[in-house]
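Engineer: Quick one: structure below, then a few questions.
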Amino acid sequence: MSRTIRLNNQQADKRAARVRRRLRADNSGRLRLSVHRTENHISAQVIDDAKGHTVAAASSLEKDLRKTNKGNVVAAAKVGELIAERAKKAGVTEVMFDKGSFKYHGRVKALAEAARAAGIKF
């Protein structure tokens, strides 16, 4: 593994730890909306950290989303709408947004804005 890749992974790990540390410090009993992005896909989960289980999940790998769009901003927005719909069905209206090591830009931002537009508050 090259030195550049190793440094980038270390920086991403630091960034993710920093985000999670801030979320733990600000935790007011809300569930966590965690986002994971790969080169081709994006997924989101609403997680109850107190109980340690996932309340709702959505991904661009799902059958009805996989056909139409790959890992672009449009697909991320559809995943955001879908996660908001499933979270509301499970009785969740407020969450903390956990972007992990990803920048709030592009697909991550599109997912967040679509979830907000669909009625999830964070």
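Engineer: Criterion first (in contact with a Phe, Trp or Tyr (Cβ under 7 Å, 6 or more places away or on another chain) and modelled with pLDDT of 95 or more) does ALA87 satisfy it?
Structural biologist: Details: in contact with a Phe, Trp or Tyr (Cβ under 7 Å, 6 or more places away or on another chain): no; modelled with pLDDT of 95 or more: yes.
Spelling it out, it is not the case that ALA87 is in contact with a Phe, Trp or Tyr (Cβ under 7 Å, 6 or more places away or on another chain) and modelled with pLDDT of 95 or more.
Engineer: Before we move on, is LEU7 at pLDDT below 90, assigned to a helix (DSSP H, G or I) and surrounded by fewer than 17 Cβ atoms within 10 Å (Cβ to Cβ)?
Structural biologist: It is true that LEU7 is at pLDDT below 90, assigned to a helix (DSSP H, G or I) and surrounded by fewer than 17 Cβ atoms within 10 Å (Cβ to Cβ).
Engineer: Tally up the residues in the range 58-79 that are within 19 Å of SER101 (Cβ to Cβ) and under 13 Å from the mean Cα position of the chain (by Cα), please.
Structural biologist: So the count comes out to 4.
Engineer: Determine which member of the set ILE120, ILE42 is within 14 Å of the chain's Cα centre (by Cα) and farther than 22 Å from ALA16 by Cα.
Structural biologist: Testing whether each residue is within 14 Å of the chain's Cα centre (by Cα) and farther than 22 Å from ALA16 by Cα leaves just ILE120.
Engineer: Then there's this: List pairs: first residue in the range 53-68 and over 14 Å from ILE42 (Cα atoms) and touching a residue at least 24 places away in the same chain (Cβ under 8 Å), second residue of a type in the set (Gly, Ala, Ser) and surrounded by fewer than 15 Cβ atoms within 10 Å (Cβ to Cβ) anywhere in the structure, Cβ distance under 8 angstrom, at least six positions apart or on different chains.
Structural biologist: VAL55/ALA90; ALA56/ALA90
Engineer: Which residues, counting only those in the range 69-97, are in contact with a Leu (Cβ under 6 Å, 6 or more places away or on another chain) and within 14 Å of SER34 (Cβ to Cβ)?
Structural biologist: Of everything in the range 69-97, those that are in contact with a Leu (Cβ under 6 Å, 6 or more places away or on another chain) and within 14 Å of SER34 (Cβ to Cβ) turn out to be VAL79, GLY80, VAL92, VAL95, MET96, PHE97.
Engineer: Considering only residues that are open to solvent by less than 20 Å² (accessible area, probe 1.4 Å) and β-branched (Val, Ile, Thr), which ones fall in the range 27-44?
Structural biologist: Hits for the range 27-44 are VAL35, ILE42.
Engineer: Moving on. Note down all Cβ pairs under 6 Å where the first residue falls in the range 11-24 and is closer than 19 Å to GLU94 by Cα, the second is surrounded by 12 or more Cβ atoms within 10 Å (Cβ to Cβ), and they're at least six residues apart or on different chains.
Structural biologist: LEU23/MET96; LEU23/ASP98
Engineer: Kindly provide the set of residues from the range 86-96 that are part of a helix (DSSP H, G or I), buried (at least 16 other Cβ atoms within 10 Å of the Cβ) and either touching a residue at least 60 places away in the same chain (Cβ under 8 Å) or not small (Gly, Ala, Ser) (or both), ordered by number. Spell out how you get there, then give the answer.
Structural biologist: Applying the first criterion (part of a helix (DSSP H, G or I)) to the range 86-96 yields 86-89.
Adding the requirement that they be buried (at least 16 other Cβ atoms within 10 Å of the Cβ) leaves 86-87.
The answer is ARG86, and nothing else.
Engineer: Restricting the search to the range 97-122, which residues are surrounded by fewer than 19 Cβ atoms within 10 Å (Cβ to Cβ), of a type in the set (Lys, Arg) and part of a loop (DSSP other than H, G, I, E, B)?
Structural biologist: LYS103, the sole residue that qualifies.
Engineer: Among the residues of the range 30-73, which ones are under 15 Å from GLY106 (Cα atoms), of a type in the set (Val, Ile, Thr) and either touching a Ser or Thr at 6+ places or on another chain (Cβ under 8 Å) or part of a strand (DSSP E or B) (or both)?
Structural biologist: Within the range 30-73, VAL35, ILE42 qualify.
The values are calculated or read from the model by the stated rules, or taken from the named source; none is laboratory data. What you are looking at is a predicted structure, and each value in this text was computed from that prediction instead of being measured. Glycine also receives a Cβ, built like all others from the backbone with ideal geometry; neighbour counts cover every protein chain displayed. The accessibility values were calculated without ligands, DNA or RNA, using every heavy atom of the protein model including side chains. Shrake-Rupley method; radii C 1.70, N 1.55, O 1.52, S 1.80 Å.
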